[in-house]
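Mind looking over this structure? Questions follow.
The values are calculated or read from the model by the stated rules, or taken from the named source; none is laboratory data. The structure displayed is predicted, hence computed values, not measured ones. No Cβ is skipped: glycine too gets one built from the backbone with ideal geometry, and neighbour counts run over all protein chains shown.
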Amino acid sequence: MGLARYTLWRVVQAVPVLIGIITITFFLANQIPGDPVQTMLGPNPGQEQVEAIQARYGLDRPIHERYLSYLSGVAAGNLGLSIYYDRPVLEMIMLRLPVTLLLMLSAFAFAIATAIPLGIISAKRRNKPADHVSRIVSLIGVSTPSFWIGLVLIIVFAFYLGWFPARGLVLPWADPADVRGAETQFQVIRTAAHHLFLPMIALGTLQMAQITRIERSAMVDSLQGEYVKLARAYGVPESTIVRKHAFQVAQLPVITIIGLGLSTALGGAVLTETVFEIQGMGRLIITAINNQDYELIMGTTFMFGVAYVVGVIITDIAYAYIDPRVTYGDET
Amino acid sequence: MTTPLLTVDNLKTQFFTEDGTVRAVDGISFDVYPGEIVGLVGESGAGKSVATSSILRLVDSPGEIVDGTITFKEKTLFGLEAGPDGEPRPSEEMLTEEEMRKEVRGREIAIIFQDPMESLNPVFTVGGQLREFIELNRDLPTEEAKQEAIDMLREVGIPDPENRYDEYPHQFSGGMRQRVLIAMAIACRPDLIIADEPTTALDVTVEGQILELVAELQEKYDTAFIWVTHDMSVVAEICDRVNVMYLGEIIEQAHVDDLFYNTKHPYTQALLNSIPRPDETIEELDPIKGVMPEAINPPSGCRFHSRCPEAREVCQRVHPEPRDLSANDRPHNAACVKYDVFDVGYDASPPLETDATGGFSAGLTQTESEAEADGGDR
């Protein structure tokens with residue numbers, strides 16, 4: 001089986017998982033005590049009003065009927081109507097998803113770009129000062145919650161030093177007319193980067209620390225491998241050994257931790273967005289829960305589920321691509 | 001006689017650990033002449049592999065070569081001289097790390113490792129790894145190196161080399177991987193190949209095939225070999241001359257025929273008694289008693305005395321240097337005081353009670369002090 005068919009197969013395998021996610025979120029959301037209509041209309045609504053709204057959002061039908069129609073709606077790409085915003089759920093998600101993706105991608109870019117060199121240096125100078133520093137930094141990194149890092153960053157760099165803005169986010173592709181103080185697209189991008197910097201570090205630190213730790217131990221292992229000894233005995237320069245012979249083998253566990261990190265980063269994004277008042281998916285899901293917006297809760301949770309599954313699939317494909325020992329399922 | 005290709009003189013390699021200094025290789029000397037196969041034999045822990053990695057100057061930290069000279073084709077691979085402060089320092093002629101890497105490793109001295117399962121990189125193709133070493137050590141452009149790699153794979157008996165070239169190590173069996181490692185060594189056209197127990201991890205039938213292959217290639221390319229092994233039957237099959245190591249020292253050094261038919265050192269004798277021989281009929285094999293002591297604190301006197309069936313009191317006191325005991329025109333060195341040339345009063349000395357001599361008080365891992373106490377009782 002080729003890589004393309006393997007990818008397709010993994011996507012097909014994800015379908016039952018996604019149906020499971022929908023089912024669980026649907027019934028869980030409907031078990032939340034309280035009533036969205038009540039939240040909407042206040043303590044003493046008129047009977048007619050309540051009925052009209054229930055009919056509008058389909059809340060008057062029995063639960064199994066609603067479940068089936070929701071399921072078929074999702075299959076057709078319709079995630080329902082948000083009760084709170086009174087707009088289609090998909091539209092809200094499409095509005096907020098790019099913000100969260102931008103935050104996550106930049107956080108991972110920051111994490112990978114710093115963690116891999118740090119891990120390699122650490123492994124190469126094992127038990128020397130550089131290694132100790134990098135290990136302590138990563139130990140602090142994995143044990144500090146991202147919202148706390150976010151708060152400290154705001155206090156130091158936004159409040160005292162005033163180098164970076166403390167709240168909000170500007171999308172780099174936004175129209176310059178909508179961005180205050182920007183006239184050209186380049187200025188928009190600069191403003192965006194300026195806004196993105198602190199949340200990126202707040203969210204990326206945990207990932208950076210985790211990747212550094214795995215990179216280090218994987219490199220330590222592979223640098224002691226027999227194949228590294230063999231390469232040395234055949235006169236391969238040390239830099240090539242580190243960059244090629246040891247590095248390639250060491251990336252397998254690193255890819256796993258990056259893939260798993262995608263899911264923890266989603267959770268971290270919710271907190272980071274709250275701390276920095278960024279209008280992303282994290283804030284959307286919190287608004288949805290606070291207002292018992294069933295459709296929006298289900299839609300956002302489903303999107304998080306999709307993101308998680310995509311992360312796992314990407315990890316698997318990367319694994320199959322890098323490690324020749326991973327077969328595509330039809331070899332014995 | 002021709003000049004030796006490789007001369008190792010009084011080589012000492014030590015490991016500086018928290019528990020103390022491990023004298024893994026403690027003053028060994030031997031020569032390798034062009035085109036011959038020299039055996040380096042001993043039990044696990046005798047220092048064979050440390051000796052070979054010292055030749056390539058690839059001893060892993062905390063190990064370090066502390067003394068001796070290694071000369072290869074007029075190049076000084078390792079040598080010390082007295083510095084201005086009287087402390088030894090690397091000599092002028094000694095090759096730098098860079099020169100070792102570019103001029104010696106792979107190009108002049110290649111190595112075949114023990115474990116074919118682990119020695120190939122799992123994420124690169126077999127052919128690619130072979131090609132990389134050829135490119136590097138024979139200065140060939142990529143395309144030519146690839147052709148050469150395919151030819152070498154064919155030469156070591158890999159069927160369908162054009163297609164196997166693009167396969168990964170996990171698609172090869174252990175024997176096939178060992179053939180690839182041999183192809184790597186031969187392909188770099190070195191004058192000396194160090195084979196570090198290359199057949200230990202293979203089963204006996206494959207071992208036979210590999211030995212045959214090496215013998216064939218050795219004849220064709222006239223490469224010299226240092227063959228590290230603990231297996232006396234392998235020694236008998238392919239070696240020209242043999243060095244027997246015990247606890248970091250070479251205790252017997254002879255032509256293979258002399259070693260087998262005119263064995264001098266009790267340790268060599270014990271090694272030979274522990275394997276079946278086709279030319280002798282015996283009721284039972286006679287394994288060597290006990291385990292090799294730690295090189296961190298070797299026994300006094302002759303290091304083998306704690307396990308030697310012929311040990312006498314004098315063996316605890318006198319540390320013998322190998323001497324020529326040859327009965328013909330081939331040199332035959334052995335380090336055992338039971339021979340008259342040593343003249344330290346072995347015959348008059350009372351026998352030691354050790355496990356090997358049948359003593360009742362000695363345990364499997366008898367320590368030096370216990371051995372002394374035994375002697376003192378008499």
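Do you know which residues across region A:217-234 are surrounded by 22 or more Cβ atoms within 10 Å (Cβ to Cβ) and either part of a loop (DSSP other than H, G, I, E, B) or more than 10 Å from chain B (Cβ to nearest Cβ) (or both)?
Within region A:217-234, A:A218, A:M219, A:Y234 meet the criteria.
What are the residues in region B:173-207 that are within 12 Å of chain A (Cβ to nearest Cβ) and over 22 Å from B:I109 (Cα atoms), if any?
Within region B:173-207, just B:A201 meets the criteria.
Let me ask something else about it. Can you find a residue in region B:126-141 that is of a type in the set (S, T, N, Q), surrounded by fewer than 20 Cβ atoms within 10 Å (Cβ to Cβ) and either closer than 23 Å to A:I241 by Cβ or away from chain A (no Cβ under 14 Å) (or both)?
No, region B:126-141 has no match at all.
So which residues in region B:163-186 are among the polar types (S, T, N, Q) and surrounded by fewer than 22 Cβ atoms within 10 Å (Cβ to Cβ)?
Selection gives B:N163, B:Q171, B:S173.
Show the residue pairs that are 6+ apart or on different chains and have beta-carbon atoms under 8 Å apart, the first residue being within region A:1-20 and under 20 Å from A:T301 (Cβ atoms), the second being not hydrophobic (A, V, I, L, M, F, W, C).
A:V17/A:G305; A:L18/A:G305
Moving on to the next point. Cβ-Cβ under 6 Å, sequence separation 6+ or interchain: first residue in region B:69-87 and free of Cβ contacts under 8 Å to residues at least 60 places away in the same chain, partner assigned to a strand (DSSP E or B) and surrounded by fewer than 18 Cβ atoms within 10 Å (Cβ to Cβ). Which pairs?
B:L80/B:P88; B:G83/B:R89
Based on what the data block shows, is A:G168 in a helix (DSSP H, G or I), more than 14 Å from chain B (Cβ to nearest Cβ) and under 21 Å from A:G282 (Cα atoms)?
no
Let's see how each residue does on (1) more than 12 Å from every other protein chain (Cβ to nearest Cβ); (2) touching a residue at least 60 places away in the same chain (Cβ under 8 Å):
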{"residue": "B:E99", "(1), (2)": "no, no"}
{"residue": "B:F124", "(1), (2)": "no, no"}
{"residue": "B:A145", "(1), (2)": "yes, no"}
{"residue": "B:E148", "(1), (2)": "yes, no"}
{"residue": "B:M152", "(1), (2)": "yes, no"}
{"residue": "B:E155", "(1), (2)": "yes, yes"}
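Something else: From A:G267, A:G181, A:G235, which residue is without any contact (Cβ under 8 Å) to a residue 12 or more places away in the chain and either among the aliphatic types (A, V, I, L, M) or in contact with a strand residue (DSSP E or B) (Cβ under 7 Å, 6 or more places away or on another chain) (or both)?
On inspection, the qualifying residue turns out to be A:G235.
Follow-up question, since we're still on this one. As an exercise: evaluate A:A250 against (1) free of Cβ contacts under 8 Å to residues at least 24 places away in the same chain; (2) closer than 30 Å to B:R57 by Cα; (3) in a helix (DSSP H, G or I); (4) not β-branched (V, I, T) and give the number of the one condition it does not meet.
A:A250 satisfies all of (1) free of Cβ contacts under 8 Å to residues at least 24 places away in the same chain; (2) closer than 30 Å to B:R57 by Cα; (3) in a helix (DSSP H, G or I); (4) not β-branched (V, I, T) except (1).
Surrounded by fewer than 20 Cβ atoms within 10 Å (Cβ to Cβ), at pLDDT below 90 and among the aromatic types (F, W, Y) - does that describe any residue in region A:67-75?
yes
Of the residues A:A250, A:A307, only one is buried (at least 18 other Cβ atoms within 10 Å of the Cβ) and closer than 30 Å to B:Y168 by Cβ; which?
Checking each option against the conditions leaves just A:A250.
Filter region B:111-122 down to the residues that are more than 7 Å from chain A (Cβ to nearest Cβ) and either buried (at least 24 other Cβ atoms within 10 Å of the Cβ) or modelled with pLDDT of 90 or more (or both) and list them by number.
Selection gives B:I112, B:P116.
So B:L217 fits all but one of (1) assigned to a loop (DSSP other than H, G, I, E, B); (2) at pLDDT below 90; (3) closer than 26 Å to B:E74 by Cα; what number is the exception?
Exception for B:L217: condition (1).
Does at least one position in region B:63-85 carry a residue that is under 30 Å from B:D160 (Cα atoms), charged (D, E, K, R) and in contact with a helix residue (DSSP H, G or I) (Cβ under 9 Å, 6 or more places away or on another chain)? It would help to see each step written out before you state the result.
Going through region B:63-85, the residues under 30 Å from B:D160 (Cα atoms) turn out to be none.
Looking through region B:63-85, none of the residues is under 30 Å from B:D160 (Cα atoms), charged (D, E, K, R) and in contact with a helix residue (DSSP H, G or I) (Cβ under 9 Å, 6 or more places away or on another chain).
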